[in-house]
Each structure stands twice: as structure tokens, then as C-alpha cells.
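The values are calculated or read from the model by the stated rules, or taken from the named source; none is laboratory data. All values derive from a computational prediction rather than experimental measurement. As a convention, Cβ positions derive from the backbone with ideal geometry for all residues, glycine included, and neighbour counts pool all protein chains shown.
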Amino acid sequence: MSDSTATTLAAAGVRTVAGPTSDLTLHGKKGNETPAADNAQVPAEPNSQQPVNPGEIPAPEAQQGEAAPAAPAQAEPAGVEIELKLLVDANSLADFNDAPVVSANARNKGARKHLKSVYYDTPERTLWRNGLTLRVRQNGARFVQTVKTEFRDDPLRRGEWEASVPSMTPDLALAMPFVPEKLRTEIESSRIEPVFTADIRRHQRMLELPSGTVEIAFDQGVIKAGDRSMPVSEIELELKSGSASAIHELALRLCEHGDVRPSIRTKSARGFDLAADTPPSAKRPEKLRLDPAIALDDAFATILRSCLKHLLEAVPAAEDGRDPDGIHQLRVSLRRLRAALDLMRSVGSLSRLEQLRADARWFAHNLSAAREWDIFETETLPTVAKGCPTIAGFEALGYIAEKRRSAAYNKVRMVLNDRRCATFIIGLGGWIEARGWRSDVAPENLGQLAEPTTNFAHRMLSAQHAKVLKRGKHFKSQTAEERHHLRLAVKKLRYVVEFLLPLYDLGKPARRYSQKLAELQEELGSFNDMATTASLLSGIGGELEGANARAAIAGWQAHAMVGSEQRLRVAWSEFSRTKTPWSRPEEA
């Protein structure tokens, strides 16, 4: 934010929430992480807003009175909050206030607040669709307007700007400096309306930990949108100063005290889904933007942070189960993470890395059945049923499949509530923020972490490409097992390409290579899905109902596998003949 903007905002009563000291972007390029709103300019003449009807706003109520060592800290820019949520059973929430780590490190007994918030947007949800939220919160007799923005590739960080306002009605003039210029006309010409409310009882305490100061808030209440409502029971951990490792250190200690589930899903995300009556969305990972000059140590942190953000964003949709893409994206996030961890093996033997890989493998294994039944129920079964309208039994088979799918999702929810899952996710976050791999690298190899990533990228891309070519030898005569191993190698290459190819400004050659790689993965994936269907059908072979439908699906897919062989061979031939875009002239 420019000095002139800051001066104008100060005069208007806007407060940018003080940024904590953190190592989250110790070596990263801030330009890749600062939201567009940071560069927005204050309008010369603030525009008046449309009148709003916030609904029934309650009358004012009086306010009541272990992780790895962190990397060196660096001050964050103003207007940034770093926060992790821990979802807790409502009946257990109060118990965490007496956790040893809280009792031993709290400054005092803290403060109790009754927070009543209204979240606003246009009827088209312009703000929300563009990563912005506008909220007015009442705390006692005080009203505070807050604008929040998302950050790329960082699971804990958001932009946050606050301003005092006279009532629960938002002041658009104070919000506009944080709205990208391209959206301002649309917002100013539209009507701002209340979308949902949050009524939260909060017990807030400040903890002084060795690695930083963390505000812990025990929140219990309800989110309401129209006649729909959703309970809230969670612990918010917000870094006030020090290293972001302090959040993970505290979260791990709380995890020892009782069952918690780490989350980055905000109250605003839950409220907008509730208002729209839609399941949680499963986002695909955003493309990485690595600077060609980035050091390998910073590249590892950026890649891992992206994987962790992808994982945390996928968990709510996977647990909800209504959108099949939720479990799919969660599995993809774990495969990306394992590919990233494999890359790090090249710098030495990392003890913590192997435990993380084992936990990721355990996590992914327990998701497989849900994904397989999703594909069967949403793709395979309806496709064959439509193509074979005269064959009976598809309805009965669908009923059996739904029972199997429901059981598989119950297993997913058990895993997500398993303490091993929570400690894995929290521990991974702490390892990233502390750059934990540094302590495992031999002193003589530490220098390579400071080298430009491009040298490392060239070696890794070339090695994984060569591995795929080796796995694909004698492609036409390969067995199903050999095709399976080839598919896994292709998947890993695609993730390595997504991580490292952005380092090169390669244009069309890079796009062609990525396209041919994606086409090969798609064909191998379709081939594997058909093989998986045969396994699922054999697993329900004892069921008498739907026997004719099962036979029809088996015949349909046997025919499809014959037809897919030619497409597979073409995809392999085209990929294997595609030049690697990162090749140096002497390698061409």
C-alpha cells in the first residue's frame, strides 16, 4: 500500500491489522503473494453506497471482562493475519481452556465477548467470487467493518483491514481501497445486501510461547442464512508476533489434550455455502509462480505450502461427500505432496520426510474406495445404463453401489477424525514453516539449498522424464501391471512438471509437452478406471440383484478396453516423441 493511501485511510479511520513477525515469506518474493487490493488507489471522491437492510440487528451488549526450531523471523507487511482453526466437538470446547499449554502460557484469564456479525455482498456475490469478504461486526457498543482478501499458495495467511463505523451498515467508501480497480464500477453500481449473520460467544486469551505470541479464541455459536443455520465450535489460533511455527507448536499441544481437526475454512466460506445451500467447494491447486532466481530452499517451502493449502481446502468437501470432486482433490493433493517430498530426497536423507511420506500414503490409501465408488456411481453406471435401456437391474445395482459408497465415505470421515491425521497435517505445517529439512541436510550439502532452483529443476525433470520412458519400453506388449507402474510414473512426472516448469519461460514448447503428458495420463487413467470397475464388480458378485446389469457393465467395459488400446498407443507415441522443453542445446 502506498504512503498516500495509508495517510488517506488513517484520516478515514481505517486500521490495517498489524502484521506479525513471521518466517512465512522469509525468502519468498512478496510480489507473488500480495493481493491485488494492496496496490489499489483510494478514489479521489468516495462514491456513495446503496442503502442496505441488514435485517434485525441485536441491541448492543456490554463486553465481559512441540515443533522444530523456527527459521529466523522477518516482519510481515501490515494488513496480514496468520491464522489456523481447530474444529472441536461442542461438548469438549470448554475443556481446552484448561489444557496445560494454555494454563502455563496464558497472560491472564482473558476476555469474553459476544460478537454479532453481518456479512455483505452484491446479489451476484461479486466480492466473494473475487476472493474478498466484507463484514461488519458488533462487539458491545462498537461496530467494526472488516475487509479480508485471500493469498495465493499460503494456507494460513489473509489480508485484513478494519475501520470503525457507526452502525451495522457498511461504509463502501472505506472498503473500496481494498477492492481491485476492475471490480469497483460493478460494485458501486450494484446493491450491497446482507447475506448471512454470525452470532458467536468468544473467550479470548493471549499466550506467550517460546517461538511467538499467539491469540487463542474459543468460539461457539451459530451462522444463519435465512431459515438455514450451522453451528460453530472451534478454536482460532492467530499469530500476533514471532514465527508461524508458534501456531503449529500450540496446535500440536492442543491435539495431545483432545480431538481437534485443523481447518482453514473460514466462517465466511461456511456462511456463503449455507446461504447458497451448496456443499463446500473443492478447489484445484493454483498454478505456482516461481521466480527463476529463487533459491532451492525457498522453492521447497513454496511448493510444500501450496500442497498443504490444496489439502486443507479439499478436506471439507471430502468430508461432506456431496461433491465427488472433494475426495478426488484430496487424493490429488496427497499425491502432489508425496511427489514434492520425493523431490527433496535428492538433497540428502531426511528423517522427518520419511515419516511424512508414510503418513501421506496411509491417508491416501484410506480414500481410495470412496473415489472408486464415486466414479462407478456417477460415471460408469449411468453411462452403461443409458446405453443398455432394455437390460434390467441397473436400479438394484445402483442401490448396492450407494451402500458401498456410503460405507467408504464413513471410513473417510473416521480417518479425518483420527488423531494421526490431525498430527500429520499440523506437523507438516510446522515442518514447512521451520524449514525442518535444513536440520537433516549434511553440512557439506547445505550450500545447494542456497543455489538457484533451475539447476535442480533441470536434473529432476530430466530424471523423471527418463524414468517414464524406461517404464514405457515395449509399450505394445506391456502387461496390466506394467501399465499400472507406467501410470504412476506419468502422474509423478506431471506433478514435477507443474512444480518446476514455471521456472522456465518456455512458451509454446512447454504447453505442447504439458498437453501431450496430460493426454497420456488421461488415457492411462481411463484404462485403470475400467480395470478398477472389474474389481468392484467382483466384490459384489455374491449379490443376486443386478446380476444382468453387472454382466452388461463387464461386457461394455471389455469392449471399451479393446477400443482404448489404440488411443493409448497413439498417446504414448506422441508423448515419447515430444521434445523436452527444458533441454539445453547440447542435449538436443
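Would you pick out the residues in the stretch 262-280 that are touching a helix residue (DSSP H, G or I) at 6+ places or on another chain (Cβ under 9 Å) and among the small types (G, A, S)? Matches in the stretch 262-280: S263, S268, A269. Of the residues A275, A246, the single one that is in contact with a Phe, Trp or Tyr (Cβ under 7 Å, 6 or more places away or on another chain), outside any strand (DSSP E or B) and within 28 Å of L308 (Cα to Cα) is A275. In the set (1) touching a Lys or Arg at 6+ places or on another chain (Cβ under 7 Å); (2) within 27 Å of E372 (Cβ to Cβ); (3) not assigned by TED's automatic domain parsing to the domain that holds W437, the condition left unmet by D259 is number (2).
For the stretch 110-131, which positions are farther than 17 Å from R191 by Cα and of a type in the set (S, T, Y)?
S117
For S233, the stated conditions do not hold, so it cannot be described as part of a helix (DSSP H, G or I), of a type in the set (S, T, Y) and either under 18 Å from the mean Cα position of the chain (by Cα) or over 19 Å from A434 (Cβ atoms) (or both).
Quick check: anything in the stretch 195-206 over 26 Å from N91 (Cβ atoms) and of a type in the set (V, I, T)? Yes, because at least one residue in the stretch 195-206 is over 26 Å from N91 (Cβ atoms) and of a type in the set (V, I, T).
Considering only residues that are at pLDDT below 90 and more than 17 Å from Q566 (Cβ to Cβ), which ones fall in the stretch 510-527? If the condition is that a residue be at pLDDT below 90 and more than 17 Å from Q566 (Cβ to Cβ), then no residue fits.
Working carefully through the options V136, V214, find the one that is within 25 Å of the chain's Cα centre (by Cα) and assigned by TED's automatic domain parsing to the domain that holds P100.
V214
In the list K411, K403, which residue meets the criterion of being surrounded by fewer than 19 Cβ atoms within 10 Å (Cβ to Cβ), more than 14 Å from I327 (Cβ to Cβ) and not assigned by TED's automatic domain parsing to the domain that holds L250?
On inspection, the qualifying residue turns out to be K403.
Note on the stretch 256-272: residues that are out of contact with any strand residue (DSSP E or B) (no Cβ under 8 Å at 6 or more places or on another chain) and among the polar types (S, T, N, Q) amount to 0.
Taking the stretch 445-480 as the range and being surrounded by 17 or more Cβ atoms within 10 Å (Cβ to Cβ), assigned to a helix (DSSP H, G or I) and among the small types (G, A, S) as the test, only A457 passes. Here R405 passes the criteria (1) under 30 Å from E379 (Cβ atoms); (2) out of contact with any helix residue (DSSP H, G or I) (no Cβ under 9 Å at 6 or more places or on another chain) except the one numbered (2).
Among the residues of the stretch 102-118 satisfying the criterion of being in a strand (DSSP E or B) and among the aliphatic types (A, V, I, L, M), which is farthest from V222 (Cα to Cα)?
Step one: list which residues in the stretch 102-118 are in a strand (DSSP E or B), which gives 106, 111-118.
Imposing the further condition that a residue be among the aliphatic types (A, V, I, L, M) reduces the set to 106, 111, 115, 118.
Working: A106: 27, A111: 20, L115: 11, V118: 12 Å.
Per the criteria, the residue is A106.
The set of residues in the stretch 166-202 being touching a Phe, Trp or Tyr at 6+ places or on another chain (Cβ under 7 Å) and either crowded, with 19+ Cβ neighbours inside 10 Å or outside the structural domain of V101 (by TED's automatic domain parsing) (or both) consists of M168, P170, F178, I192, P194, V195, F196. Can you say whether G563 is assigned to a loop (DSSP other than H, G, I, E, B), at pLDDT below 90 and surrounded by fewer than 13 Cβ atoms within 10 Å (Cβ to Cβ), as far as the supplied structure shows? It is false that G563 is assigned to a loop (DSSP other than H, G, I, E, B), at pLDDT below 90 and surrounded by fewer than 13 Cβ atoms within 10 Å (Cβ to Cβ). Among the residues examined, E181 does not qualify as within 30 Å of L290 (Cβ to Cβ), of a type in the set (D, E, K, R) and touching a Pro at 6+ places or on another chain (Cβ under 8 Å). Scoring L207 on the criteria (1) part of a helix (DSSP H, G or I); (2) aliphatic (A, V, I, L, M); (3) closer than 24 Å to R157 by Cα leaves a single failure, condition (1).
Kindly check whether there is at least one residue in the stretch 247-260 that is over 20 Å from G436 (Cα atoms) and under 16 Å from the mean Cα position of the chain (by Cα). Checking the stretch 247-260: not a single residue is over 20 Å from G436 (Cα atoms) and under 16 Å from the mean Cα position of the chain (by Cα). If you go through the stretch 127-173 and keep only what is of a type in the set (A, V, I, L, M) and part of a loop (DSSP other than H, G, I, E, B), you end up with A141, L156, V165, M168. Whether any residue in the stretch 464-473 is modelled with pLDDT under 95 and among the β-branched types (V, I, T) is what I want to check. Among the residues of the stretch 464-473, not one is modelled with pLDDT under 95 and among the β-branched types (V, I, T), which makes the answer no.
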